[in-house]
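The values are calculated or read from the model by the stated rules, or taken from the named source; none is laboratory data. This structure is a prediction, so every number in the text was calculated from the model and none was measured. All Cβ positions, glycine included, derive from the backbone under ideal geometry; neighbour counts span all protein chains shown. The area values use the complete protein model at the heavy-atom level, side chains included, leaving out ligands, DNA and RNA. Shrake-Rupley method; radii C 1.70, N 1.55, O 1.52, S 1.80 Å.
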Amino acid sequence: MLPQPETLTAQQTPILEMRGITKHFPGVIALQDVSFDCVPGEVHALVGENGAGKSTLMKILSGAYRPDAGELVVRQRPVVFDHPQAAQQHGISIIYQEFNLLPYRSVAHNIFLGREPMRGQMVDERRMVQDTAALLEELSVKINPTALVSNLRVAQQQEVEIAKALSLNADILIMDEPTAALSLHEVDSLLELVLRLKRRGVTIVYISHRLDEIFRIADRVTVLKDGRVVTTAPIAEVTRDDLVHLMVGREFDTYFPPRARPEDIKGPILELRGVSSGSSLKNVSLTLRRGEIVGLAGLEGSGRTFLARVLFGVERLDSGTILLDGQPVRFRNPQQAIAAGVGFISDDRKAEGLVLPLSVRWNMALPSLNRRQKMGYIQRSAERSMVQMLSESLDLRAAGADQEVQYLSGGNQQKVVLAKWLATQACLLIFDEPTRGIDVGAKAGIHQLMRRLASQGVGILMISSELPEVLGMSDRILVMRQGSVVAEFPGETATEDMIMKAATGLTTNGANGAEGAEV
Amino acid sequence: MESTFSTTQTPIGQRLRRLLSKVPVILIVLLVVLILIALVAPTFYRPVALLNFLKRAAPIIVVAIGQMYVMLSGEFDLSVGSLITVCAAVAANVINNNPDNLALAFVWVFGIAIVVGLINGLIVTRLNVPSFVTTLGMLLVLQGAISIYTRGAPQGGITDNFRVFGRGNIEGTEIPYAFVIMLLVIAIGVYLMHFTTFGRRVYAVGGNPVAARLSGVNVGRIKTTAFVLSAVLAAVGAVLIAGFSGVSSLSVGQGYEFQSISAIVLGGVALGGGRGNIAGAVMGALTLQAMFSLLNFLGFPLPIRLSVQGLIIIGAVAIAARRGRT
């Protein structure tokens, strides 16, 4: 083995290697020639934006997906994970964001599920509890082995997951956004636990976009962007700014329609003053004008979608004022919001946007049914011509208006969702991730439609996690963090770095370091 | 509706198969049963016998159409059988052998039905109790209530002007009132289901309640209305059944909850809602009744109906699951 003085870790033999992994999905390259390795006892951080390929990589490691090309090497042996238990058999455990615990069984039962210590024909409860206690003790975790998992806090459930993984003799642990649901204090104890595991020789792949954590625990960091590895470097050799830049820096290769000219932007359609709701929204004030597209950027969980749901009458408003076209409104349900001219394009098309077993026509007509009825009787010819017109103007590709929407492609499904709201002739449209999971061609079509609507005087609030989309589409950009709007940039001059820093709290880091760590 | 693929040249066998796959299974089953009946009992097809068959099928069809709304919206109504018993007993008690009390009896019967439907709907939608539990509870509550109300045996008695709806024919013809009422209920059912905003919303609520709500559908109101419709049609069924078989027992409505559900499942409504139509429900109910007739002609004892029904429910859902439709 050749000594390589520039990195300490490279002197050791990797315990886990991914070599040239490529994975395609129809129309998308999720991973392109990704190589990645870990040496024993290393904490290797994996960072990247939403959609950079982190979760695909993890699914390959777990055996959920098989790569189209490339190989997986564990302990110097090429391996093929063709079923979810295969990774386990090679000593790899994955701690998902959603835990795989049985809520109404005890901690001990969960840890020894399927391999309970037996005494004769009976489960040896006492030994199971003792072994669990010993295991938790070893990890310096204070949890009662007989407690029900459902009674534990999220952080404790996570610790149980980790203990379970280790009891399965896993020495490679993959953690996916482990701190996403934890409080500040819990994050600290989790990071300490990670460091203890590392000292015990456990290898950890740590996926997170919270950069502060990475600098506290990682030995090396690999940045993924658009399905490729941008860099792998020892943590000491990079700065936060480097990482942000590496994560988002990319060439513009998508065409966006031209922005609104100042004279196209008219009076305010939506004004929020000091809007708060629980712990999800804190004192949000903003203005959206007719003819304008305002981009709402921020990390997942920063309150963007919650804000949209408050505006649409799905979630309750605790305090503050919402003015729609100058009138104070307080919607108690979506019917009221729709009647007042608000439309909401949810980010989860299948769960919230469409009734999958129903036809294109019935889906398109649903929110605007009241516009084409007399005493409840549906005016079918009006409905048919409306559907015909919208399908043509949106270039919908379906076998016909009676085709069930579940058989359409993602892009065409999204067009049906858009058509629903066009049919209501809304004056305010809230788009949540308008082009998520849609191929490039359909994306451009949806972007053009949004701009056309804006130019017709519709106010558009666009929530998006895709920074190029935010930058390319918005006339103004608002950045949310922890339930508040923390920054505003003009669309023309904003950069990905500016947005990312505001979204992660790095700009206020000097003043408020502790808060920055939680992001 | 099946997914549509472009039709290119395919062997005749495949095209035939594709054509066949568009014919509802229930229609084939119904035809097979009717053919078997023709072989066993050709007299079945004399007009009078046929009308008589339809008269007997009318209550199931009427109750099944009500149940259909509830099931399309994604719920169950297990209380219709008990409600039928309650309605029949109340009618007998209110009429009390005096023909002048007919109108009052209808007010009571339909009033009770509306209240029961509302309670079912509000418990399911406001208190979020699964309809399976809510209506099972209602079934027991009604059974208990009727035993107390009648002190264990039917009181009063119905008069001919009430009986005529279930038993009589339109004067000067062989056409039973029950048949006309059934056609009327089917017509209204089809209209509501397939021509009104209410029907659309029922489908949407059953297909995806979250998306329906976010499209401005008042999910709670739609489901509650469906429960009220189911209860009201159960009351119509009660009038037909009481007229046809009298009110001599406290079990006149027994089994109608499962017969209506069997009919609808046979008719191709997806459990969990969102799919199905009135034609399917009617054909399902006819098939069920025809099977009962067939078993009767073949000389099987009456209780075998229950077993057949059980097998039908399981079989129909298994077939639907195989086709990936539930």
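Figures for the structure shown
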| quantity | calculated |
| --- | --- |
| When residues of region B:267-324 are limited to those that are among the charged types (D, E, K, R) and surrounded by fewer than 15 Cβ atoms within 10 Å (Cβ to Cβ), the one modelled with the lowest pLDDT | B:ARG323 |
| Conditions (1) surrounded by fewer than 19 Cβ atoms within 10 Å (Cβ to Cβ); (2) free of Cβ contacts under 8 Å to residues at least 40 places away in the same chain; (3) away from every other protein chain (no Cβ under 14 Å); (4) not aliphatic (A, V, I, L, M); number of the one not met by A:SER455 | (2) |
| Every residue from region A:251-288 that is in contact with a helix residue (DSSP H, G or I) (Cβ under 8 Å, 6 or more places away or on another chain), open to solvent by 30 Å² or more (accessible area, probe 1.4 Å) and outside any loop (DSSP other than H, G, I, E, B) | A:ASP264 |
| All positions within region A:337-348 that are under 21 Å from the mean Cα position of the chain (by Cα), closer than 18 Å to A:SER368 by Cα and either more than 8 Å from chain B (Cβ to nearest Cβ) or open to solvent by 40 Å² or more (accessible area, probe 1.4 Å) (or both) | A:ILE345 |
| Out of A:GLY298, A:GLY313, A:GLY303, sole residue that is surrounded by 22 or more Cβ atoms within 10 Å (Cβ to Cβ) and free of Cβ contacts under 8 Å to residues at least 60 places away in the same chain | A:GLY313 |
| Qualifying residue in region A:413-426 (condition: surrounded by fewer than 22 Cβ atoms within 10 Å (Cβ to Cβ) and either away from every other protein chain (no Cβ under 14 Å) or more than 21 Å from A:VAL355 (Cα to Cα) (or both)) | no |
| Single residue of region A:84-126 satisfying the filter (part of a helix (DSSP H, G or I) and hydrophobic (A, V, I, L, M, F, W, C)) that is surrounded by the fewest Cβ atoms within 10 Å (Cβ to Cβ) | A:ALA86 |
| Near pairs, Cβ below 7 angstrom, 6+ apart or cross-chain, from region B:304-315 (closer than 15 Å to B:THR287 by Cα and free of Cβ contacts under 8 Å to residues at least 24 places away in the same chain) to any residue that is in a helix (DSSP H, G or I) and open to solvent by less than 50 Å² (accessible area, probe 1.4 Å) | B:ARG305/B:PHE292; B:ARG305/B:LEU295; B:VAL308/B:MET291; B:VAL308/B:LEU295 |
| Residue within region A:386-408 that is at pLDDT 90 or above and closer than 30 Å to A:SER277 by Cβ present | no |
| Pick from region A:358-385, criterion part of a helix (DSSP H, G or I), polar (S, T, N, Q) and out of contact with any Lys or Arg (no Cβ under 7 Å at 6 or more places or on another chain), ranking: nearest to the other protein chains (Cβ to nearest Cβ) | A:ASN370 |
| Residue match in region A:37-59 (condition: charged (D, E, K, R), open to solvent by 10 Å² or more (accessible area, probe 1.4 Å) and over 19 Å from A:TYR206 (Cβ atoms)) | no |
| Qualifying residue in region B:139-150 (condition: surrounded by 15 or more Cβ atoms within 10 Å (Cβ to Cβ), within 14 Å of another protein chain (Cβ to nearest Cβ), of a type in the set (A, V, I, L, M) and within 21 Å of B:THR225 (Cα to Cα)) | no |
| Segments classed as helices (runs of 4 or more DSSP H), wholly inside region B:162-253, with at least 2 members that are away from chain A (no Cβ under 12 Å), closer than 27 Å to A:ARG372 by Cβ and in contact with an Asp or Glu (Cβ under 9 Å, 6 or more places away or on another chain) | B:219-245 |
| Filter result for A:GLU352 (open to solvent by 20 Å² or more (accessible area, probe 1.4 Å), charged (D, E, K, R), within 13 Å of chain B (Cβ to nearest Cβ) and under 29 Å from the mean Cα position of the chain (by Cα)) | yes |
| Number of the condition not met by A:SER381 [criteria: (1) of a type in the set (Gly, Ala, Ser); (2) under 27 Å from the mean Cα position of the chain (by Cα); (3) surrounded by fewer than 18 Cβ atoms within 10 Å (Cβ to Cβ)] | (2) |
| Residue, nearest to the other protein chains (Cβ to nearest Cβ), within region A:289-322, restricted to residues that are within 13 Å of A:VAL485 (Cα to Cα) and either in a strand (DSSP E or B) or more than 21 Å from the chain's Cα centre (by Cα) (or both) | A:LEU296 |
| Condition check for A:GLU49: farther than 23 Å from A:ASP171 by Cα, touching a strand residue (DSSP E or B) at 6+ places or on another chain (Cβ under 9 Å) and not small (Gly, Ala, Ser) | yes |
